[in-house]
Amino acid sequence: MTIDKDNLLDSIMESLDRIQHIKLEDIPNIDLYMDQVTTFVEKKLKNTARHPEEDKILTKTMINNYAKNDLLPPPVKKKYSREHVVLLIFIYYYKGILTINDIQALLKPLTGQFFQNENLDLGDIYEEVFGLEKKHVDLMKEDILQKYVQSKETFQDAPEESREMLQLFSFVCMLSFDAYVKKLLIEKIVDSMYPQGRKD
């Protein structure tokens, strides 16, 4: 997501319009070796990285660690299915806000019930969840616009040379508070998946 500082709000809105998930039909429906999985995920999610030229989206070490931490079922004959790739995409989105233990708590019921399930598999779940994307992006744009307008109303009495910086700081604070509250809610939901208590 590239932000043009001179046209901040327009740039944010355009960036949100460009956000796209990997469509299920784009995920190969054949089993892949680890190198093929990392290449596919890197190519498809590279543009979501903060520093696309430097940041690694997925490596062999990451996949091995996810398997070791029970986030990912083991491959069959060193090959990964479409459902493995779906789980890796979920992990990628979660790892920026949740701990490995939280991700495990969130995904374990899914993999336990739906990994290679003939009636409803992880691909079906993935499509259902990401099908909400367009509506969610529209709601998010409205919320961001509201926060931006509120931030422009702050620090009206500040010195002119500092006002824009303080208003941007106010905007970041509102976005950060929103992210913080949502993270707390997600953690509470994840904790509810372990009613007997967790062992971190």
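The values are calculated or read from the model by the stated rules, or taken from the named source; none is laboratory data. Here the structure is a predicted model, which is why all the values come from computation and not from measurement. Methodologically, a virtual Cβ is constructed for each residue, glycine included, from the backbone with ideal geometry; neighbour enumeration extends over all protein chains shown. When the accessible area is computed, the model is the full protein with side chains, heavy atoms only, and any ligands, DNA or RNA have been set aside. Shrake-Rupley method; radii C 1.70, N 1.55, O 1.52, S 1.80 Å.
Before moving on, here are some points about what is shown:
- Every condition in (1) more than 30 Å from I30 (Cα to Cα); (2) at pLDDT below 95; (3) open to solvent by 40 Å² or more (accessible area, probe 1.4 Å) is met by E118 except one, and the failing one is (1).
- Out of K43, K56, sole residue that is in a loop (DSSP other than H, G, I, E, B) and open to solvent by 40 Å² or more (accessible area, probe 1.4 Å): K56
- Considered as a group, the residues in the range 70-112 that are farther than 14 Å from D31 by Cα and without any contact (Cβ under 8 Å) to a residue 12 or more places away in the chain include one that is farthest from the chain's Cα centre (by Cα), and that residue is G112.
- Members of the range 140-167 that are in a helix (DSSP H, G or I), free of Cβ contacts under 8 Å to residues at least 24 places away in the same chain and not small (G, A, S): E142, Q146, V149, K152, E160, E161, R163, E164, M165, L166, Q167
- Check on A67, modelled with pLDDT of 90 or more and assigned to a loop (DSSP other than H, G, I, E, B): no
- Test: E127 is open to solvent by 100 Å² or more (accessible area, probe 1.4 Å) and at pLDDT below 95: no
- Close contacts from the range 168-188, counting a first residue that is under 15 Å from L106 (Cα atoms) and open to solvent by 70 Å² or more (accessible area, probe 1.4 Å) and a second that is part of a helix (DSSP H, G or I) and modelled with pLDDT under 95, with Cβ to Cβ under 7 Å and a gap of 6+ residues or different chains, come to none at all.
- Subset of the range 99-123 (residues that are in a helix (DSSP H, G or I) and not hydrophobic (A, V, I, L, M, F, W, C)): N101, D102, Q104, K108, P109, T111, G112, Q113, G123
- When we screen I12, I30, I91 for residues that are hydrophobic (A, V, I, L, M, F, W, C) and either open to solvent by 70 Å² or more (accessible area, probe 1.4 Å) or in a strand (DSSP E or B) (or both), the only hit is I30.
- Selection status of V137, more than 25 Å from S192 (Cβ to Cβ) and under 15 Å from the mean Cα position of the chain (by Cα): yes
- Tally of residues being under 14 Å from I63 (Cβ atoms) and hydroxyl-bearing (S, T, Y) across the range 89-106: 1
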